[in-house]
């Protein structure tokens, strides 16, 4: 990734300036999976299906899910066990 892409990841408004549509869809999926993932927007689902095969979508879901699990477990451990 470029420095510009790294800087843009945390600024949703900058995504369209830095990332192509395919990568923007992945970022939107990762963002959506941080919240109520049972309510993925129909537009997002259609966009992802347009760009990726079912096998790749399964991998993306697993990677996003694992990252969320790691973050949530780390946050809980920090609160319960300290630094």
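The values are calculated or read from the model by the stated rules, or taken from the named source; none is laboratory data. What you see is a predicted model, and the numbers here were worked out from it, not measured in a lab. Please note: Cβ atoms are built from the backbone with ideal geometry, for glycine as well, and neighbour counts cover all protein chains shown.
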Subset of the stretch 1-21 [outside any helix (DSSP H, G or I), modelled with pLDDT of 90 or more and under 21 Å from residue 51 (Cβ atoms)]: 2, 19, 20
The stretch 22-43: number of residues that are within 20 Å of residue 53 (Cβ to Cβ) and part of a loop (DSSP other than H, G, I, E, B): 2
Filter result (surrounded by fewer than 12 Cβ atoms within 10 Å (Cβ to Cβ) and under 14 Å from the mean Cα position of the chain (by Cα)) within the stretch 22-53: 35, 36, 41
Some residue of the stretch 60-67 being within 17 Å of residue 31 (Cβ to Cβ), at pLDDT 90 or above and not in a helix (DSSP H, G or I): no
